Amino acid sequence: MGALRVKNFGGGVIVFWKPPSVNQTLTPQTPKHKKYMNALHDTEPRWFAVLTRAKCEKFVQRALTKKGIHAYVPLLRMLRRYTRSTRMTEKPIITGYVFVKITRADYLTVLETENAAGFVRFDKDLSAIPEAEIEILRRVALEDGLDVAVVPGFLAEGDPVEISGGALTGLRGRIVKTEGKRRFQVVLEQLGYSLLITVDAVFLGRVS
């Protein structure tokens, strides 16, 4: 997966992502008698991640929308320079994923959508994604021209801080050190990745 290099308010965002494939078991020691969780609800719409075929995120989102399904693809906007012009383009923050907000009745409708490969499961559990984690993705997507790469893994936690400037004002996380630099990390536990943001120190305040 590639990396985009465009600076923004003195830094950028790196998304640490460890994507489970459809029906992939993340814990091999899971007992055979375990009853797997299904977070679908009869009346309360909840967020779930859906895996798509390569470069089909927008296609699947449009198809789901036409079916009346609430579908969302977090996109980053970036300026591409060509020989004779420049153009603003969009790229999914998490390649191959569409997020849907559905009830139990919508489950098969999503699975039957063209180029949708299936729901993302964690240790075979169909787990709902907290609204707060979707909201963080929305806020990151509002920032044009961010430096983003998708790589596996989490980092150790450090000092708790809060961003006090820009579109991400109020976002809380922890300071971590990578490659000799201090960066701002927000862990999205249910999705299994971290947002690692390079932020000018002037925009960071310690949280007591």
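The values are calculated or read from the model by the stated rules, or taken from the named source; none is laboratory data. Computed from a prediction, not measured in an experiment: that's the story for all the values here. Backbone-built Cβ (ideal geometry, glycine too); neighbour counts: all protein chains shown.
In the set (1) loosely packed, with under 15 Cβ neighbours inside 10 Å; (2) of a type in the set (S, T, N, Q); (3) in a loop (DSSP other than H, G, I, E, B), THR89 fails one condition alone, (3).
A search for C-beta distances below 9 Å between a residue of segment 146-173 that is among the hydroxyl-bearing types (Ser, Thr, Tyr) and any residue that is modelled with pLDDT of 55 or more and surrounded by 17 or more Cβ atoms within 10 Å (Cβ to Cβ), counting only pairs 6+ apart in sequence or on different chains, returns SER164/PHE203; SER164/LEU204; THR169/ILE163; THR169/PHE203.
Among the residues making up segment 63-89, those that are among the hydroxyl-bearing types (Ser, Thr, Tyr) and modelled with pLDDT of 95 or more are THR65, TYR72. Does SER164 fit the bill of being in contact with a helix residue (DSSP H, G or I) (Cβ under 7 Å, 6 or more places away or on another chain) and either at pLDDT 70 or above or more than 20 Å from PHE48 (Cα to Cα) (or both)? So SER164 fits the description; yes. Here's a check for you: in segment 92-112, which residue that is of a type in the set (Phe, Trp, Tyr) and surrounded by 20 or more Cβ atoms within 10 Å (Cβ to Cβ) is nearest to ALA39 (Cα to Cα)? That would be PHE99. You will find that of ALA54, ALA49, ALA117, the residue that is surrounded by 19 or more Cβ atoms within 10 Å (Cβ to Cβ) and either touching a residue at least 60 places away in the same chain (Cβ under 8 Å) or over 30 Å from GLY165 (Cβ atoms) (or both) is ALA49 and no other. Among the residues examined, VAL60 qualifies as in a helix (DSSP H, G or I) and either at pLDDT below 80 or surrounded by 13 or more Cβ atoms within 10 Å (Cβ to Cβ) (or both). Looking only at residues of segment 68-86 that are under 30 Å from VAL50 (Cα atoms) and basic (Lys, Arg), we find that the one that is surrounded by the fewest Cβ atoms within 10 Å (Cβ to Cβ) is ARG80.
Candidates are the residues of segment 126-138 that are buried (at least 17 other Cβ atoms within 10 Å of the Cβ) and farther than 13 Å from ARG46 by Cα; the one that is modelled with the highest pLDDT is LEU137. Checked against (1) farther than 19 Å from PHE48 by Cα; (2) at pLDDT below 75, VAL187 meets all criteria but (1).
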